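Every read-out reported here was derived from the displayed coordinates using simple, explicitly stated rules and does not represent laboratory data. The structure presented is a predicted model; accordingly, all values stated were derived computationally and were not measured. For neighbour counting, all protein chains shown are included, and Cβ atoms are generated from backbone atoms with ideal geometry for every residue, glycine included.
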Amino acid sequence: MASIPDLAWKSGRSGRAGKASRVSEPRSGAAGWRSATAAVRAWPSRNSSESSEKPPRWRGGGVTEGSRRRGIALHLPLIIGTVISAFPFYWAVIMSTHSSSEIFSYPPKLLPGTHFLENLRNLFDAIDFFGSMWNSLLVAVSVTFLVLLFDSLAAFVFAKFRFPGKGPLFGLLMVIFMVPAQLSVIPQFVLMAKIGWIGSMTALVVPAAANAFGIFWMRQYMKSAIPDELLDASRLDGANFLRQYWHVALPVVRPGLAFLGIFTFMGQWNDFAWPLIALTNPDNVTLQVALSQLNGTHGTTDYGIVMTGALLALIPLLIVFAIGAKQIIGDLAKGAVRG
Amino acid sequence: MATALEKPPVVLSDAPAPAGPRKGWREYWHLYAAISPFYLIFLGFGLFPVGFSLYLSFHRWDGLGSMEWAGLSQYQYLLSDSDFWNSIGNTLIIWALATFPMIFLSMVTAVMLNSAVRLKGLYRVAYFLPNVTSVVAIAIVFGSIFSTNFGLVNAVLEGVGLDQVAWLNTPWGIKITIAALMTWQWTGYNAIIFLAGLQTIPSDLYEAARMDGAGPIQTFFRITLPLLRPTLLFVLVVSTVTGLQSFSEPQVLLQTSSNDSTFAGGPGHSGQTMVLYFFQQTFDNNDFGYGAAVAWGIFLVVVLFSIINWRLVQRRGED
């Protein structure tokens, strides 16, 4: 489902997109006023309701026996859920610290073993781990940079300016949400084979360098986050379009850029289907493809290596998530409810 | 506020407005330039591909030789292709096995999270974690948890005196394993979305219900569920679109147990989803024309199924 979360994301947004664009695309007049100010007002209030949680319905006076029992009844399933969420990560740690013969023996191991370094060495012998990690990093970072630049530029234009053809162009953008990934796989492959990009990382970066979801999302964000007075003032000071973009818009929407950036990075890092097809040279692939190759060749023989590779591939994402967890979860939820 | 600015941006520029019909273009060129990267990329990798894949689906082509006009024959073959129908069946079964438990579990989780005072932030991070992991890596991990010989699931089954199951070698075992992986990955994500939906429900509604003597179950079905319907719709449609296009999970889980193609979806093709079948036809059989027809077939199934789901949830809302 590698490129699919990305797609799901797109099409998921598209559901809301139709509605939202109808509401918040005022031609002029009072309706526009109202929706714009409402949007501005909605942002901080949503934020505050997010952080200051309502007291639970059933929390009565003091801590009674009944309320304590309810607390346990509530937290026990939640803790079980947490354990289930975390367990596969723990399992990856266990498996990557055991030798294959230990893994294949019965009963299954539940505690970490001592063969991690050995597995690590075998892994580095089996695949060019750092080479493919570098490729993944290169692709994910370049795509993230380009997406942030192109999407925020386009979003700024759609959010704050009027120009001939704006309506149809934005409508087209919404339609592009719906184009399913498989439809473009073959032609994209043929096209890239013609221009010689197949096998290189360029094949992954260029098609992903700007996307409809990011533009739509940033536009919604910018519409309410950038005060028009600020833009008017900067215009009176003689700032041209690029200066307005760089000095007025970008500083204000930094949290939005962080969300889009983290999301884009993770999506690219995890992308699998297209890289599997486009990277035809097995010695020059991204980490996900290398991992799949490793699973294909060693999956039935040396499980310790495969699991060590899987574990190492998870770590960069966990770091990115640890940095941006609050941002991701908060903004994701906001976006989903607004529709 | 918006209206104040929704006027030409360069009104105050010192250049006198040039006359003539080309004025618009000159005045706005920088705006068009700013949005052009997206549209250029779209032209090359969006519009052209869709048009070309339509064109391809009416031809026979192996990707190298010359194209041959095939008329509607690719689509005729698609309709009678039992492998394609098999992949539709697999996809829908896996989707149902994953989606219904997932929606139920994520809604229950969200309601519990909404009531929990302490640790809410921690729970949210923990539940979101499965969604940020690489599908390839986690499919490998699930493959080992569900492994026939040394997997944890079978060890537990044996521990409680049940028979072992060849999870990745039997038609239902394969589907359940893939569905388990998807459920694990998306339950927390959807719980957080449901939680956000729950937080928009005004608390005085609950107050009123309590004053009227409604129990928690009644409250859930009379207040929570109806007001959560838009969120449910969102979750269902996203799950449909992603679930029906699953690729990485079955590909990684089943590539070693498939003997004819890495896209075959395991023994008897019983884990071959529609998108896997598309990749097999296109890149293993080099049948680009038929692959394009399959892609359009998938598109149609996804659109139809999304509409059906949408209608079902909507109609229930009108009752």
- Quick one: net charge around residue B:77, please, counting Lys, Arg +1 and Asp, Glu -1 for every other residue with C-beta under 13 Å from its C-beta. -2
- Query: Across the range B:64-104, how large is the tail of the calculated P(r) beyond 14 Å, expressed as a percent of all Cα pairs?
  - Reply: 66
- Dividing the mean separation of Cα pairs under 8 Å (6+ apart) by the residue count of chain B yields a relative contact order in percent of 24
- Query: Using the Cα gyration tensor of the range B:20-74, with a ≥ b ≥ c the square roots of its eigenvalues, what is the shape: rounded (a/c below 1.5), prolate (a/b larger than b/c) or oblate (neither)?
  - Reply: prolate
- Query: Mean residue ellipticity at 222 nm from the helices of chain B, using -39,500 (n - 2.57) per DSSP H segment of n ≥ 4 over the full residue count, to the nearest 500 deg cm²/dmol?
  - Reply: -20500 deg cm²/dmol
- Query: Can you tell me the Rg and Dmax of the range B:122-215, counting just the alpha carbons, in angstroms?
  - Reply: 19.5, 57
- Message: Treating only the Cβ of Lys, Arg, Asp and Glu as charged (+1, +1, -1, -1), what charge dipole size does the range B:232-319 show about its Cα centre? Round to the nearest 20 debye.
- Response: 300
- Task: May I ask you to order B:185-193, A:282-290 by the average number of other C-beta atoms within 10 Å around their residues, highest value first?
- Result: B:185-193, A:282-290
- Can you tell me the FRET efficiency between residue B:64 and residue B:100 if r is taken as the Cβ-Cβ distance and R0 is 60 Å, rounded to the nearest 0.05? 0.85
- Message: Among B:142-149, B:287-294, how do they line up by average Cβ neighbours within 10 Å per residue, starting with the highest?
- Response: B:287-294, B:142-149
- Query: When a footprinting reagent is the concern and you count Cβ atoms within 10 Å, what order do B:28, B:77 take, fewest first?
  - Reply: B:77, B:28
- For peptide A:271-280, the mean count of other chain Cβ atoms within 10 Å per residue Cβ is 3
- Query: Residue separation times 0.36 nm, minus the C-alpha to C-alpha distance between residue B:166 and residue B:212: what's the value?
  - Reply: 11.2 nm
- Task: Using only atoms on other chains, find how many Cβ atoms lie within 10 Å of each Cβ of peptide B:199-208 and report the average.
- Result: 2
- Residue with peak Gaussian network fluctuation, chain B [Cα springs, cutoff 10 Å], from B:71, B:297, B:44: B:44
- Item | Estimated FRET transfer efficiency when R0 is 25 angstrom, pair residue A:232-residue B:33 (beta carbons, to 0.05) | 0.65
- Query: What FRET efficiency would be calculated for the residue pair residue A:72, residue A:254, taking the C-beta separation as r and a Förster radius of 41 Å, to the nearest 0.05?
  - Reply: 0.45
- Message: Counting only other chains, and only Cβ atoms inside 10 Å, what mean value do you get across the residues of A:311-319?
- Response: 3
- Rounded if a/c under 1.5, otherwise prolate or oblate - chain B, Cα gyration tensor axes: oblate
- Note on the structure: Between the modelled labels at residue B:220 and residue A:79 (7 Å from Cα along Cα→Cβ) the distance in nm is 2.2
